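Here the structure is laid out as structure tokens; the discussion comes afterwards.
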Amino acid sequence: MRKRFNCYIEKLQDKITNKIGDLDPDARLKEDLWKREGGGGGRTRVIENGAIFEKAGVNISAVHGELPVSMKNYFKVKTGQFFACGLSLVIHPKNPFVPTVHANWRYFELYNSKGDIQDQWFGGGQDLTPYYVFEEDVRHFHQVCKKACDLHNEDFYFKYKKKCDEYFWNTHRDEARGLGGLFFDYLRPNKKFSIEKWYDFITEVGNHFLEAYVPLIEKRKNMSFSESQKAWQEIRRGRYAEFNLIHDKGTLFGLKTNGRIESILMSLPPRVQWRYNYQVKTNSPEEELISILKNPRDWI
């Protein structure tokens with residue numbers, strides 16, 4: 001399974017970065033091939049300062065080795081050889097009317113002292129972080145998420161949409177990071193779903209990603225915006241950065257397993273504002289966003 005999924009994310013990275021290049025042909029794609037001390041490595045691809053994308057990164061990695069003590073304690077194991085591979089992407093658009101998007105699809109194996117698989121699971125998801133609310137855009141994103149889920153189980157969308165709302169929650173701000181999507185973790189083989197069936201599900205979600213997000217770029221990328229609207233985007237990006245640095249499990253796992261810092265922090269936006277005690281105007285589009293972030297809603 002590890003070879004199969006690693007091959008999948010390599011091809012998916014190509015597919016997504018090719019589409020990003022088509023959308024923003026003047027932007028230069030940087031690629032880094034890197035190795036991790038302790039085992040494994042990855043391939044990082046980043047676009048910066050494009051006409052459409054202020055920053056867009058699509059990373060894949062496949063790492064292995066001995067778990068650090070902190071992660072052994074987390075997983076409650078004494079021996080700690082592991083393998084983990086996945087694709088992680090974050091796209092920060094230039095135009096504040098185009099939402100930021102994040103996605104991650106990953107696979108993990110944990111081994112016993114004999115080298116046999118002791119545990120294995122898939123995780124990941126995708127979520128949308130708009131700066132201004134266009135309900136038809138958010139509904140489209142969620143409808144495609146549901147379509148992918150329904151091909152495997154009609155309960156999955158509602159289950160994993162709820163988990164997404166719960167996970168991407170800035171507890172110190174008492175608000176969501178964005179307007180949701182899907183989040184799932186520890187998808188282990190069981191009586192109903194083998195590891196092969198979980199593979200089919202997670203790759204289904206990955207295969208639908210561009211369908212969920214690209215139409216939003218194409219619809220909003222040429223809209224005119226003001227300096228104040230751009231400033232609002234940068235203020236909200238500050239909340240995005242706060243979540244990633246304080247709460248995100250993937251970021252924390254990478255830091256605790258001696259991951260590559262540039263790849264781990266690739267998700268952070270390039271331009272951010274933190275204004276002291278910033279308050280939005282009453283009955284404004286900015287207040288509309290905050291109201292939804294405080295009280296996540298159903299989009300389907």
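Values quoted throughout were computed directly from the atomic coordinates according to the rules given, and no laboratory measurement underlies them. Worth saying up front: this structure is predicted, and the values here are computed from it rather than measured. For neighbour counting, all protein chains shown are included, and Cβ atoms are generated from backbone atoms with ideal geometry for every residue, glycine included.
Annotations for the structure displayed:
- Near the amide H of residue 176, within less than 5 Å, lie the amide hydrogens of 170, 294, all on another chain or at least 5 residues away, with H placed in the peptide plane.
- Extension gain from residue 300 to residue 37, taking 0.36 nm per residue of separation minus the Cα-Cα distance: 90.2 nm
- Stretch in the chain that is longest and holds no GluC sites (Glu not before Pro) that DSSP places in a loop and that have at most 12 other beta carbons within 10 Å: 155-300
- Given 10 as the ceiling on other Cβ atoms within 10 Å, longest exposed-site-free region of the chain for trypsin sites (Lys or Arg not before Pro) in DSSP loops: 193-274
- Residues within the reach of a label modelled at residue 262 (point 7 angstrom out along Cα to beta-carbon, backbone nitrogen below 15 Å), restricted to the range 35-53, are 35-37, 41-48.
- Taking amide H positions as modeled 1.01 Å from N, with prolines and chain starts lacking one, the residues under 5 Å from residue 80 and 5 or more places away or on another chain are 67.
- Table column - 3J(HN,Hα) (Hz), the range 226-243, Karplus curve with 6.51, -1.76, 1.60, x for Gly and Pro: 9, 5, 5, 5, 5, 5, 4, 4, 6, 5, 5, 4, x, 5, 4, 5, 4, 4
- DSSP-assigned coil residues among chymotrypsin sites (Phe, Trp or Tyr not before Pro) in the range 245-300, each with at most 10 further Cβ atoms within 10 Å: 276
- Anisotropy class of the range 161-242 from Cα gyration tensor, a/c 1.5 cut: oblate
- Nearest-0.05 FRET efficiency for residue 166 and residue 139, computed from C-beta distance (R0 30 Å): 0.90
- Gain upon complete extension [residue 73, residue 3; 0.36 nm per residue less C-alpha separation]: 22.5 nm
- Relative contact order of the chain, pairs being alpha-carbon contacts under 8 Å that are 6 or more residues apart, as %: 16 percent
- By the helix-only formula, in which each DSSP H run with n ≥ 4 contributes -39500 (n - 2.57) and the sum is divided by residues, the chain has a 222 nm mean residue ellipticity of -13000 deg cm²/dmol.
- 3J(HN,Hα) from dihedral phi, the range 20-37, Karplus parametrisation 6.51/-1.76/1.60, rounded to Hz, x for glycine, proline: 4, x, 5, 6, 10, x, 7, 7, 8, 8, 9, 10, 10, 9, 9, 10, 9, 5
- The stretch between residue 28 and residue 173, if pulled fully straight at 0.36 nm per residue, gains 48.6 nm over its current Cα-Cα span.
- Between the range 185-205 and the range 1-39, the Cα center-to-center distance that results, in Å: 23 Å
- Only Cα sites of the range 2-291 enter the Debye sum here, all with the same form factor; the resulting log10 I(q)/I(0) across q = 0.06, 0.13 1/Å is -0.19, -0.91, listed in q order.
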